[in-house]
Amino acid sequence: MTDDQHKSGPGRRTMLSAAALGAGGAVLGAAGTARAATPAQGTAAQAAPAAGRGGAHRLPFPAVIGHRGSAGYRPEHTFGSYEYALEIGADVVEQDLVPTRDGHLVCRHEPEIGGTTDVADHPEFANRRTTKTVDGVATTGWFTTDFTLAELKTLRAVERLPAVRQRNTIYNGRWEVPTFDEVLAWADREGRRRGRPVWLHTETKHPTLFRQMGLPLEERLTALLKRYGRHRADAPQFLESFEAQSLQRLGRLGVAAPKIFLLSGLTSQPWDFVVSGDKRTVADLVTPAGLKWTASFAQGIGPTTDLIIPHDASGKLLEPTTLVADAHREGLVLHPYTARNENQFLPADYRVGTDPNAYGDPLASFARWFATGIDGLFTDNADTAVLAREDYWNSATR
């Protein structure tokens, strides 16, 4: 990146908004235009794309996306996690969707639920433990596709990383596994109570796998989105997937809400590419040609933070890539993942002490990512990201 690309004053923020929206602005809704604002107004020097109906509701720039709710403080994908994410400042709340045996969409990061529920403590389900191949990887445990919704509702959520987030284990057993239908109803209620929409960021997990199993996600998801009016271009709703075909299918089904194509490591391939014989890797997808192709069906990308600022073998950050500028040039917004407080998840530059589970200096780390010009950031710790965004705004106006 050149020195000019590192500048982050208010004028650059406004120009960057126009670049980021580009052709995608029309798709993101009538409100998908930049508007200047001062940090004193409690918002960034530009508004993020996508808005509520008629442009009445905008996201701060950059938006704070509560990863699986507030996974740093509550067992992930529970109403406790989603509600707390809003309480601590998340602008958007994420859900991951997998199907049950009887076709309901439930919120779990993976179909295997041995690590996120108390299913192992239920002797009546002991014989459901099995090994399945998930996107080419043999995985042993209990799977949502072997349970009806009624059976899943007898389970309770537990902390996925108890060794890292021991304090979260006090909530083990408190919340059940929510359906996406329940989340949509909750978001509607919360939106009315708060006087503003509750933004959701919803991922189709392993869509090719589930379609092969006769449990396609997109048709079920589309029906729910249309029931709650979240299929429209101006709805407070993002759709995300690591598989391009899933986002394309949603578009063909009439879902106009903004879509975010998730991208993993440079050498990885989306699973739908593997199945279809497409030889492209993520390294191909982050080129100008790859981004232009993505812009034909999506309004943004969700890359790993490493694709924006890579690191060396020791974990120290290197110079940013041109991905932010290249994506904005194609009218794509960027929602990278995942920012966390603990040392083991931070770049080496921001680790404090030697305990991998202790907090490092996430405020400085998050602010550094914000300074690249990203449009949003997935984080397990929304409150940290909100403070880091304030630090970033303040530094941008000095």
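The values are calculated or read from the model by the stated rules, or taken from the named source; none is laboratory data. Please read all numbers here as calculations on a predicted model, not as lab measurements. With ideal geometry, Cβ positions are generated from the backbone for all residues, glycine too; neighbour counts draw on all protein chains shown. Surface areas here come from the heavy atoms of the whole protein model, side chains and all, with no ligands, DNA or RNA. Shrake-Rupley method; radii C 1.70, N 1.55, O 1.52, S 1.80 Å.
Per-structure values
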{"quantity": "Among (1) hydroxyl-bearing (Ser, Thr, Tyr); (2) under 19 Å from HIS104 (Cβ atoms); (3) surrounded by fewer than 17 Cβ atoms within 10 Å (Cβ to Cβ), the one test that THR169 misses", "calculated": "(2)"}
{"quantity": "Lone unmet requirement of (1) without any contact (Cβ under 8 Å) to a residue 40 or more places away in the chain; (2) surrounded by fewer than 21 Cβ atoms within 10 Å (Cβ to Cβ); (3) of a type in the set (A, V, I, L, M) for ALA163", "calculated": "(1)"}
{"quantity": "Count - residues of region 76-90 that are in a helix (DSSP H, G or I), closer than 10 Å to VAL183 by Cβ and within 14 Å of the chain's Cα centre (by Cα)", "calculated": "1"}
{"quantity": "Unmet criterion (only one of (1) open to solvent by 40 Å² or more (accessible area, probe 1.4 Å); (2) free of Cβ contacts under 8 Å to residues at least 60 places away in the same chain; (3) of a type in the set (Gly, Ala, Ser)) for GLY136", "calculated": "(2)"}
{"quantity": "Members of region 249-289 that are assigned to a loop (DSSP other than H, G, I, E, B), closer than 30 Å to TYR228 by Cα and in contact with a strand residue (DSSP E or B) (Cβ under 8 Å, 6 or more places away or on another chain)", "calculated": "VAL255, ALA257, PRO258"}
{"quantity": "Tabulated pairs, region 203-222, first under 16 Å from THR133 (Cα atoms), second of a type in the set (Ser, Thr, Tyr) and surrounded by fewer than 23 Cβ atoms within 10 Å (Cβ to Cβ), C-beta under 9 angstrom, 6+ apart or interchain", "calculated": "THR208/SER276; LEU209/THR133; PHE210/THR145; MET213/THR145; LEU215/THR145"}
{"quantity": "Among (1) open to solvent by less than 20 Å² (accessible area, probe 1.4 Å); (2) of a type in the set (S, T, N, Q); (3) in a helix (DSSP H, G or I) - the single one THR202 does not satisfy", "calculated": "(3)"}
{"quantity": "Test: residue in region 366-375 that is of a type in the set (Phe, Trp, Tyr) and over 20 Å from PHE261 (Cα atoms)", "calculated": "yes"}
{"quantity": "Residue, nearest to THR145 (Cα to Cα), within region 244-255, restricted to residues that are open to solvent by less than 10 Å² (accessible area, probe 1.4 Å) and in contact with a helix residue (DSSP H, G or I) (Cβ under 8 Å, 6 or more places away or on another chain)", "calculated": "SER246"}
{"quantity": "Filtered residues of region 71-116 (kept if open to solvent by 30 Å² or more (accessible area, probe 1.4 Å) and under 17 Å from SER246 (Cβ atoms))", "calculated": "HIS109, GLU110"}
{"quantity": "Residue check for GLU151: surrounded by 15 or more Cβ atoms within 10 Å (Cβ to Cβ), among the acidic types (Asp, Glu) and either more than 23 Å from GLY302 (Cβ to Cβ) or in contact with a helix residue (DSSP H, G or I) (Cβ under 8 Å, 6 or more places away or on another chain) (or both)", "calculated": "yes"}
